[in-house]
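Accompanying notes for the structure given below.
The values are calculated or read from the model by the stated rules, or taken from the named source; none is laboratory data. This structure is a prediction, so every number in the text was calculated from the model and none was measured. Ideal geometry is used to build each Cβ from the backbone, glycine not excepted, and the neighbour counts take in all protein chains shown.
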Amino acid sequence: MSNTHMLSIGFPAILASSVHDIKNSLTALRALVGQLENIYQDPKPTEFRQLEFETNRMNNSLMQLLTLYKIDLSQFSLSVDEHSAADILEDIVAQQSTLLSLGNVQLITECHGDLFCYCDSAMISNALCTLVNNAQRYCKSKVLISASEEDDYIVFCIEDDGKGYPENLMSPDYKQLHQVDLATGNTGLGLFFTETIAQLHVKDDKHGFIVTDNNSQFGGARFKLYLP
Amino acid sequence: MAINLASKKILVVEDQAIMRETIKHILGSFGARFIVEAESGINAITAMRIDKFDIVLCDYNLLRGKNGQQVLEEARHLKLLPVNAIFIMVTCEQSLEMVLSAIDNKPDDYLIKPFNRLQLLNRIERCYSRKTYLTSVENEIDSGNLYKAIYNCEKLLQLDDKKMRMQLLKMYAELALKVGNFKKAEETYQDILHERELPWARLGLGVVAFFLGYYDQAIKTFQDLIEQYPMMLEAYDWLVKTHESMGNDEHAVSSLNSAVTLSPMSILRQKKLALLADKTENLPVAKKAYTATIKLGKNSIHRSSADYAGLANVYLKSNAANEALKILYELNQQFHNDPEAKLRASLLEAEIHQTKGNSALAEQAYGKTVKLNEQFNKQISRELRLEMAKAFYLNGDNETCDEILNDLVRTNIDDKSFIKDIVTLCDAIIGESYAESLIQHIKKELVDINNKGVSLFQEGNIKGALTVFEQAIAKMPSNQTVLLNLIKIIIHDLKTSKTNPEKIISAQAYINKAVQIGIPHNQIGGLQAELDTIQNKSNQ
């Protein structure tokens, strides 16, 4: 039997079902951790925070992996509709809520209730969640996520009070996936994914894009996602 | 908005015990008291038969038996879910939403695993507040009062709630399409597209073009959408429909084939593909699609003996008579007490034995068919009755064949595509002019009934006219002309005599029926307006 025959059901199907299996395990794992956590009195061991962080990260990476693969195969389309920016921020805060309740990081949101944007809300909140997750890891005590209008764009901004982005993540060309820095585990995949999804959001001849710098009002890293 | 879960009946459908436990724990921490768990689709259906739930959280991937989508379809089909209940599908993957959309029933929302307590609560709250906001519209849709639903939609739009605006506009346009008010639908979609290029609004314009008969324009719209959004299956479904309406079945098969490749789990698409491929003699595709349909049907309300018969017939056509017999055996095994299934099986059995040259067995099977037909003819589907007519004719029983065809033409005279099927069959086996003269004859009969009713009405004999049309509608429940005349007379009666709430209800029911069978807005809209005026007066 040749090797090609073994793959006759197709790599996309194998990838999709693997992701599916891992996600199921991940869900069960989180449920188990949750049950363990209930046994402990406050203050709970900080390891729970780390566990929550890692599972969030695994989950986000898996989603991004699958999505990027589908984009590559042209088997992906955005599901664009009008969404309230406040709802998207609320989704992000909800995803981070367990992590927040365990740590000493303050997550602040700023957004006008009447601000609407046209986007694939599941993709955008997934992309932003990864970045907020990272910001929480690298900040000292504060992360601000905000949404506002700038010219003809809706801008989602994530700022923290940490040390700021390393040099390699501030390149203007996020389309290049940078060399994996094994020492820090910093791959830039989250930024690459967000840039890719942003690019797919189009109005007339305007595309979405991202900007990273260290001009946070709190002195740390600042990330901005522009959607037309 | 904080939703009070204490007063809500909640069903959690999930095969993993640990997940059920966690979800229950979360719901409990938000005050929920009435929580029922089901670890399989069948148990979920049983639970919904016993209790009317306000909230159903259902996992898509249930290990054994029905999946979440099949649970949803069955619950809606059996009307186990109250109109205002929310059904949230829990899935592992975002893209599932698209793959399942369109042809299938949609849940109220999706929730992607894994989720924490706040994510779950947020989803329920948002879904709940949207549902509550739209209650006045959804209740009317549920009872078939589409015009009232449109009116309520307009009222909500006037409140100008920005968060709900798009949702309302989408519903509004869809309702306008449903009652055949294409102008209103087109205006609404154009307005939205003027603000922003949204795929569903663009699709809506294509649908309007389809209904107005601008097929080329519709096709272009759907093809452009597919190119831009390769996973937009609704665009495929409409493209297929348009090709079909143009009589271009081969194109329809090829578009549908692409859609099925993208969504192999959608039983209705597989079924449709099987039928279309069968019709165009594309036997390999038909075989594959029937087989898939049968497999997917095992846990679905869309399971049908017709799929087995279809597959057996494809085998027969591909000179594999023994394979065909095997499928028939399976058919008989799967559908014990189903007369339609028995009829299909014996009908095909006769044909198979005939093909194999075994005339004694063929005769025996035909005898069984005749007997079953006597018992059940009126209860079986029209497609099967048409096949029965063919079998009777081929076996020399012209009288029974005539009888069935007469009845089929009479009850379906307004259904162009089914009448076309009848004509095609008659032309092929009986002769060119047969169907034509049958149709003329029935049309004349109808004209006579209408004339009789109308002249009674003109003589002032309202009661007599009503009787004529009511009798006619009992015999031909989907006849558009009769139905329209009946409604007109009831409304006239209401206008000229004392108001009678019962008559208003009956008129509304007939109008709803008219909308449902596709009488267009330009014929029914005015009557609805008149009835509304009468009703408003009687309420004063």
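Quick grid of which residues meet (1) in a strand (DSSP E or B); (2) away from every other protein chain (no Cβ under 11 Å); (3) in contact with a Gly (Cβ under 8 Å, 6 or more places away or on another chain):
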position: A:ASP87; (1), (2), (3): no, no, no
position: A:ILE92; (1), (2), (3): no, no, no
position: A:SER101; (1), (2), (3): no, no, no
position: A:THR109; (1), (2), (3): yes, yes, no
position: A:HIS112; (1), (2), (3): no, yes, no
position: A:TYR118; (1), (2), (3): yes, no, no
position: A:MET123; (1), (2), (3): no, no, no
position: A:LEU128; (1), (2), (3): no, yes, no
Scanning the range A:190-220 residue by residue, the ones that are within 14 Å of chain B (Cβ to nearest Cβ) and more than 17 Å from the chain's Cα centre (by Cα) total 6
Restricting attention to the range A:71-82, the residues that are closer than 13 Å to A:MET123 by Cα and at the interface with another protein chain (Cβ under 9 Å from one of its Cβ atoms) number exactly 6
*Test: B:ILE26 is in a helix (DSSP H, G or I) and without any contact (Cβ under 8 Å) to a residue 40 or more places away in the chain*: no
How many residues of the range B:112-128 are modelled with pLDDT under 90 and either more than 11 Å from every other protein chain (Cβ to nearest Cβ) or assigned to a strand (DSSP E or B) (or both)? The answer is 1
Out of curiosity, is B:LEU78 more than 14 Å from chain A (Cβ to nearest Cβ) and at pLDDT below 90? yes
When the range B:352-391 is checked residue by residue, the ones that are under 27 Å from the mean Cα position of the chain (by Cα) and of a type outside the set (Lys, Arg) are B:ASN373, B:PHE376, B:ASN377, B:GLN379, B:ILE380, B:SER381, B:GLU383, B:LEU384, B:LEU386, B:GLU387, B:MET388, B:ALA389
Note: among B:ALA32, B:ALA47, B:ALA75, just one is more than 24 Å from B:LEU268 (Cβ to Cβ), within 26 Å of the chain's Cα centre (by Cα), crowded, with 18+ Cβ neighbours inside 10 Å and free of Cβ contacts under 8 Å to residues at least 40 places away in the same chain, namely B:ALA47
Taking the range A:42-58 and keeping residues surrounded by fewer than 18 Cβ atoms within 10 Å (Cβ to Cβ) and in contact with an Asp or Glu (Cβ under 7 Å, 6 or more places away or on another chain) leaves A:LYS44
Within the range A:21-45, of all residues that are part of a helix (DSSP H, G or I) and among the hydroxyl-bearing types (Ser, Thr, Tyr), the one nearest to the other protein chains (Cβ to nearest Cβ) is A:THR27
